[in-house]
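As structure tokens, the structure follows; a few thoughts come after it.
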Amino acid sequence: MTYPIEFKNVSFSYTGSQTEALHEINLTIAPGEIILITGPAGSGKTTLCSCINGLIPHFHEGQLSGEVTIGPFNTRKARVGGLASLVGMVFQDPESQLVTNSVLDEVAFGPENLGIARDEINQRIQSALEATRLTGYEEREPHNLSGGEQQACVIAATYAMHPEIYVMDEPLANLDPAGRAYILNLVVQVARQRGKTLVIVEHAMEETIPLVERIIIMDKGRIVRDGPTQEVLAQGDIPHVFKRPDVMRLSDHYQLPDMSLTPGQFHQALRQKYSLHSLAQKTLQNGHVRDGEALIEFKNVSFSYTQEKEALHDVNLSIKSGEMVAILGRNGSGKTTLVRHIIGLQQPSQGSVHVTGQDVAVTPTHILARDVGFCFQNPNHQIVSFTVKDEMTFGLKTHNVDPSEFDNRIREALEIVDLSDKIDWEVFDLGKGQKQRLALASVLTLKPKILVIDEPTTGQDPEMIDEIFAIIKKLNEMGTTILLITHRIDYAALFTKRAVVLQYGRISYDGPIRELLLDHALMQSNSLDLPELTKLAVELSDLGVPGWAVGYDEMKSYLDQIVEVQHGN
């Protein structure tokens, strides 16, 4: 049976909001289509998805007009539980979707509720766990998994239900680079093999665009562009709304035929159009290594959540004042466990951790928090207030800051993260990306010496990511020591000089990040994928383009030199 998705003049506004989250949406998605929905944070993408599975109007309160139908079912009349058998939804925040006490039960939960036979359920569980790299995790408690592992668990649970329609709201956000490519290819392959519809909401377009047939771009609750992938891309960028991946923008700039979607396609098209000439070899400059005493010191640190497996093993690490260090590694490698030791949220099973000279084992967390600001991967883990203003005030009161300083500190912090106009909002009305910036602003009011940021790009659109990293860079230039956990290797390489890579709780690399980009075997063994432009640099390495190039402007300067005679740049 086929289940087309149809929106007819659909508008929706959340209770208490003065603006429409969706405005007069008319949209038809045919059975079996594979579609990317993208656009800025807050543009209505998640709201549109919530209409497909019936959460709007049955769960989210607000005013809905128009009709949404899934095949013969009108979502106003159909029960959410009934629609769940047709529409498999992976939410932006995977933790909110976890309901059981083990990974095995989580994956079995959906098929059991659909009344599937036990033998069939067991087969589906095994297949789903293998597909999502979670074999061996059956007895793990889902809420104790890393963010990426939780994302994989939710995808496995959806996979096991065999829905007619897959709706995935930023399914790649918490996954390591290799995991992103693997999971994305998996869900596309499953949709094609099963002949099912796949709707993906994503900002990570480099991986997604080559696999989808159609792109829908949203802004301010409206569909502003909709069409086949190549047609949408050929129409160019939309300022502050949609920016094509760098390889495609370069393809357009150099007027390559049939816009290249991948580094390999770009490389082939460039050589076909131009007679290229070589550059002089470039020497890698690693930058100044900071001197001085360590601000953070790990000595022979091991830590275990359970007796069976160590999360950290014999870690020795020194971070000097004013450094900005990228903490990298695959999901579950120990990155978050490592940084949680810095603020005393975890205590070493063996060894010691000193922060600003204080032993975290004997120093209360509220004392460490005077010097260490911590932004969690999931902002809901640290937001405790009902309104933005109350949240900004909470930390200041807790740390006994002079009330006469409150207004200035709050204003400055909200300006830094571009949330000044949201000061009177309720936290519930913020998107995940906005909540992350609120959490960062709350930390900044305390003016910490050390800032630990766990995955700052989750839920942020490309423009917001640029803004977040500009904020981080500015804070570092002002003297703040920053530890940055991220799966965005491109941004890490652009903004940091040093990388620490964790593998199964051990440090497998500690050194200049651009040297890491040259060690492809080490990258691969840690599930770290090269940035797209670095892949292009590798393709062009025989012409002298350095294999550690990563930025758009950097790559364009090399390309201009390569094609200088022919292109006239």
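Data table
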quantity	calculated
Odd one out for LYS449 among (1) within 17 Å of the chain's Cα centre (by Cα); (2) of a type in the set (D, E, K, R); (3) buried (at least 16 other Cβ atoms within 10 Å of the Cβ)	(1)
Verdict on ALA280 being among the hydrophobic types (A, V, I, L, M, F, W, C) and either assigned by TED's automatic domain parsing to the domain that holds LEU475 or surrounded by 14 or more Cβ atoms within 10 Å (Cβ to Cβ) (or both)	no
Some residue of the range 415-435 being closer than 20 Å to VAL372 by Cβ, within 23 Å of the chain's Cα centre (by Cα), crowded, with 23+ Cβ neighbours inside 10 Å and assigned by TED's automatic domain parsing to the domain that holds PRO379	no
Which listed residue, of GLU467, GLU455, GLU477, is surrounded by fewer than 19 Cβ atoms within 10 Å (Cβ to Cβ), under 17 Å from the mean Cα position of the chain (by Cα), in the same structural domain as VAL372 (by TED's automatic domain parsing) and closer than 30 Å to PRO177 by Cα	GLU467
Near pairs, Cβ below 8 angstrom, 6+ apart or cross-chain, from the range 221-242 (on the phi < 0 side of the Ramachandran plot) to any residue that is assigned to a helix (DSSP H, G or I) and not hydroxyl-bearing (Ser, Thr, Tyr)	ARG225/VAL232; ASP226/VAL232; THR229/ILE209; LEU233/ILE209; LEU233/MET248; ASP237/ARG249
Only listed residue being in a strand (DSSP E or B) and surrounded by 18 or more Cβ atoms within 10 Å (Cβ to Cβ), chosen from GLY332, GLY373	GLY373
Breaking point among (1) closer than 16 Å to ASN378 by Cα; (2) surrounded by fewer than 22 Cβ atoms within 10 Å (Cβ to Cβ); (3) in contact with a helix residue (DSSP H, G or I) (Cβ under 9 Å, 6 or more places away or on another chain), for ASN144	(3)
Flag for GLU106 being among the charged types (D, E, K, R), free of Cβ contacts under 8 Å to residues at least 60 places away in the same chain, outside the structural domain of ASP454 (by TED's automatic domain parsing) and buried (at least 23 other Cβ atoms within 10 Å of the Cβ)	yes
Residue within the range 464-474 that is among the β-branched types (Val, Ile, Thr) and within 24 Å of GLY16 (Cα to Cα) present	no
Any hit, the range 166-175, residues being among the β-branched types (Val, Ile, Thr) and either in a loop (DSSP other than H, G, I, E, B) or not assigned by TED's automatic domain parsing to the domain that holds ILE29 (or both)	no
Which numbered condition GLU202 misses (of (1) free of Cβ contacts under 8 Å to residues at least 60 places away in the same chain; (2) surrounded by fewer than 23 Cβ atoms within 10 Å (Cβ to Cβ))	(1)
Residue among LEU559, LEU530, LEU536 that alone is part of a loop (DSSP other than H, G, I, E, B) and hydrophobic (A, V, I, L, M, F, W, C)	LEU530
Residues being assigned to a loop (DSSP other than H, G, I, E, B) and either among the charged types (D, E, K, R) or modelled with pLDDT under 90 (or both) - total across the range 402-427	6
Number of positions in the range 95-109 that are modelled with pLDDT of 90 or more, part of a helix (DSSP H, G or I) and touching a helix residue (DSSP H, G or I) at 6+ places or on another chain (Cβ under 7 Å)	6
Leading residue by the ranking (nearest to GLU297 (Cα to Cα)) among those in the range 482-500 that are under 18 Å from the mean Cα position of the chain (by Cα) and part of a strand (DSSP E or B)	LEU483
Residue that is farthest from VAL87 (Cα to Cα) [pool: residues in the range 109-122 that are aliphatic (A, V, I, L, M) and out of contact with any Lys or Arg (no Cβ under 8 Å at 6 or more places or on another chain)]	ALA117
Unique residue being under 30 Å from LEU317 (Cα atoms), among the polar types (S, T, N, Q) and either in contact with a Gly (Cβ under 9 Å, 6 or more places away or on another chain) or surrounded by fewer than 22 Cβ atoms within 10 Å (Cβ to Cβ) (or both) when the list is SER557, SER527	SER527
Test: residue in the range 46-59 that is at pLDDT 95 or above and over 24 Å from LEU86 (Cα atoms)	no
Counted residues, the range 123-142 - those being touching a residue at least 24 places away in the same chain (Cβ under 8 Å) and either among the acidic types (Asp, Glu) or within 19 Å of ALA84 (Cβ to Cβ) (or both)	7
Candidate set from the range 1-36 (those that are closer than 11 Å to GLY62 by Cβ and either of a type in the set (S, T, N, Q) or not assigned by TED's automatic domain parsing to the domain that holds VAL167 (or both)); member that is surrounded by the fewest Cβ atoms within 10 Å (Cβ to Cβ)	THR15
Residues of the range 167-208 satisfying the condition of being of a type in the set (D, E, K, R) and more than 26 Å from VAL241 (Cα to Cα)	ARG192, ARG194, LYS196
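Matching residues to (1) farther than 25 Å from ILE5 by Cβ; (2) surrounded by 17 or more Cβ atoms within 10 Å (Cβ to Cβ); (3) in contact with a strand residue (DSSP E or B) (Cβ under 6 Å, 6 or more places away or on another chain); (4) outside the structural domain of VAL10 (by TED's automatic domain parsing):
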residue	(1), (2), (3), (4)
GLN92	no, yes, yes, no
VAL99	yes, no, no, no
GLY110	no, yes, no, no
GLU120	yes, no, no, no
GLN126	yes, no, no, no
ARG133	yes, yes, no, no
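The values are calculated or read from the model by the stated rules, or taken from the named source; none is laboratory data. This is a predicted model, so every value here is computed, not measured. Using ideal geometry, Cβ is built from the backbone for each residue, glycine included, and neighbour counts are taken over all protein chains shown.
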